[in-house]
1. Going through region 73-93 one residue at a time, which ones are surrounded by 12 or more Cβ atoms within 10 Å (Cβ to Cβ) and within 30 Å of the chain's Cα centre (by Cα)?
2. Could you tell me which of the residues V15, V29, V67 is closer than 30 Å to L90 by Cβ, among the aliphatic types (A, V, I, L, M) and in a helix (DSSP H, G or I)?
3. Picking from T25, T42, T96, T3, which residue would you name as being among the β-branched types (V, I, T), exposed (fewer than 10 other Cβ atoms within 10 Å of the Cβ) and without any contact (Cβ under 8 Å) to a residue 24 or more places away in the chain?
4. Test each condition in (1) among the hydrophobic types (A, V, I, L, M, F, W, C); (2) surrounded by 10 or more Cβ atoms within 10 Å (Cβ to Cβ); (3) more than 27 Å from the chain's Cα centre (by Cα) for I56 and report the one that comes out false.
5. Taking I102, is it among the hydrophobic types (A, V, I, L, M, F, W, C), part of a helix (DSSP H, G or I) and either in contact with a strand residue (DSSP E or B) (Cβ under 9 Å, 6 or more places away or on another chain) or surrounded by 11 or more Cβ atoms within 10 Å (Cβ to Cβ) (or both)?
Amino acid sequence: MSTFQEISSNSKKVVQSSKDYLEATEKYVELKAFKQLSLAFTLLFKSFLLGGLLFIGFVILVIEGVVLLIELLGNQHLALLTTAGILFLLTAVIYTFRKTLIESPMIRMVRKTFFTNQ
């Protein structure tokens, strides 16, 4: 076998190995993208489901709190104003501490979900 034939044979092997590597990489990227999309949609669905149930529970809790305040204060308007004030105060506290209460835990959860090597 001449040197030219050997070089030709080696270059064909290199080309075939490169094609195999590219195909395997493409399949890996598709699989990884599917995994990430599945995790993202699952996370989104769970968030909507749990958020909806939490919202319904919170509304029922607020209504019951208003009814209790009406009985305690004896005045419907005062009970509603007190409830609104408590809700505005709670909103202001959550907004003030939004980085520590909401943003940091969300970033940690997303980081753990998307950047694990499983």
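1. Of everything in region 73-93, those that are surrounded by 12 or more Cβ atoms within 10 Å (Cβ to Cβ) and within 30 Å of the chain's Cα centre (by Cα) turn out to be I86, L87.
2. V67
3. T3
4. (3)
5. yes
Read the figures in this text as sums done on the coordinates, not as results from a lab. Remember, predicted model here, so these are calculated numbers, not experimental data. Positions of Cβ are generated from backbone atoms using ideal geometry, with glycine treated the same way; all protein chains shown enter the neighbour counts.
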